[in-house]
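Scroll down for the structure; my scribbles are underneath it.
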Amino acid sequence: MTQKPTIEDIARLAEVSRGTVSRVLDNHPAVSDDTRARVLDVIERLNYSPNYSARHMRTETSNMVGFETDEVSTTPYAVDIIRGAQETLRQNGKVLLVISAGYDFETTQSSLEVLIERRVEGIIYATMFHREVELPPQMSRLPTVLANCYAKDRNLPSVVPDEFSGGYNAACALLEQGHKRIAFINLNRAYGTPIAPTPAAEGRLRGFLRAHEDFGVHFDDALLIYTDQRPQTNHAITLELMRRSQPPTAIFCGNDRTAVGCYNGLMSLGLRIPDDVAVVGFDNQVDICEAMYPRLTSVQLPHYAMGRWAAEYLLAAHNGASPPVQHQIACALVPRQSI
C-alpha cells in the first residue's frame, strides 16, 4: 500500500465498520476486547499511527499529556505556565508534549489532531492573555483543562488569574501610603497583537475601585485613561496626567511595559520615583521590574500556579458528574522601591 492508510483501509482489513475503528481510536468502552485487538493489530501492521502509539492504546495509557497554546511557549514570563504543569506531571511519571499553534483556528485544530494521534491522556490549553477562547470540537474527545482562558459556555474546567484581587492589592498598597489621587493607565487593545485582554482590564479596574471604596477615598474618573500599549502612548499619557492642575501622586499601570513608558515620562519632567510620584505595574516581569530604577513594584500574575493547578486537576481524573470548576488564583503584590 503506497498511499497513507486511512480509517476506511483499517475498517476493511479488520472487517469492521468505520465507526468501530473510530471508537477504538478514541478508546471508547463500547467495543469488545476481540474487536479492539483485531483493529489494533491492523493499525499497527499498517503503521497508521507510530508503533509506540499502538502499544500505548493496548495498555490504555501513554503517560503523556498534551499542552497546546497560542504563544505561551515563546514568551519569557508566561512560559511559567508550562513549567508549573511540567514539574507537576513529571512528579507523577508523566511527560508533557508542547505545541504552539498561534492564533489561527485551523492550525489549532491540526495541532490538536497531532496530540490525539499520539494518544495523550489529556490536554491543557493555555493562552498568553486571559481571554475567552473558541475551541475545536475535537477537544471534547479528551479530558481538557483551560489555563489563563475560559470557554464561553464554561463547559470545560478552567483556571485564570483573579484580576480583581490584583487591582485591589495594587490600589491598597498606594492608599495605605496615603495617596488619594491615584491614576490608572488601564489596558485597551494591544498594538501589534490580535488579542485585547478585556477580562484583565475589567477585573483590575473593579478591584482598584473597590479598594477606594473600602478606604473611603473618592476616585476621580478623569484619572482613568486607557492605553493602546505603544511605548510612545504610555509616555504621552504620563506627561498629560502630570501637567494637569491637580496631578496624581501615584500611578497604577496596567502592565509592566506601560510602567516603562510611565517611568520615562516622569523622569523627563524631572520627577522622582517614589518621592514625587509612586508607580505600580502589573505582571511582575522580573527582567523589567528589577532592571528599572528604582525597582518597580508590581502585581504577580500566577502563571506557575495556573500550570500546576491545571496539571493537578487532570491527574485527579474528575468524572464530570458535577459542573466544570472555574477556578481563580489571587494576584499578589511584589513590593519594591517604586512606592
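The values are calculated or read from the model by the stated rules, or taken from the named source; none is laboratory data. Since the structure is predicted, the reported quantities are computational estimates derived from the model, not experimental observations. Cβ: placed from backbone, ideal geometry, glycine included. Neighbour counts: every protein chain shown. Side chains included, ligands, DNA and RNA excluded: accessible areas come from the protein's heavy atoms. Shrake-Rupley method; radii C 1.70, N 1.55, O 1.52, S 1.80 Å.
Measuring only protein heavy atoms, the 1.4 Å probe finds R23 accessible over about 90 Å². Per residue, the accessible area of the chain comes to 47 Å², computed with a 1.4 Å probe over protein heavy atoms only.
Between 0 and 90 degrees, the angle of helix 80-90 with respect to the longest Cα principal axis of the chain falls at about 40 degrees.
Among the trypsin sites (Lys or Arg not before Pro) found in the range 141-173, those both in a DSSP coil and sparsely packed, with 16 or fewer other Cβ atoms within 10 Å of their Cβ, are K152, R154. In this structure the amide hydrogen of M128, modeled in the peptide plane, comes within under 5 Å of the amide hydrogens of D70, E71, V72, none closer than 5 places in sequence on its chain.
Kirkwood hydrodynamic radius computed over the range 250-339 comes to 14.9 Å, based on all pairs of distinct alpha carbons. Going by accessible surface with a 1.4 Å probe and the largest first, M139, M242, M267 read M267, M242, M139. The distance linking the range 263-339 with the range 78-96 is 20 Å (Cα centroid to Cα centroid, whole angstrom). Looking at the range 259-332, the trypsin sites (Lys or Arg not before Pro) that sit in a DSSP loop and have at most 11 other Cβ atoms within 10 Å of their own Cβ are R272. Evaluated on the range 75-168, the Kirkwood hydrodynamic radius is 14.3 Å, with distances taken between all distinct Cα atoms.
Taking the DSSP beta bridges with both ends in the chain, the antiparallel portion is around 5 percent.
Put simply, the chain fits an ellipsoid with semi-axes of 50, 18, 16 Å; these come from the alpha carbon gyration tensor as the roots of five times its eigenvalues, largest first.
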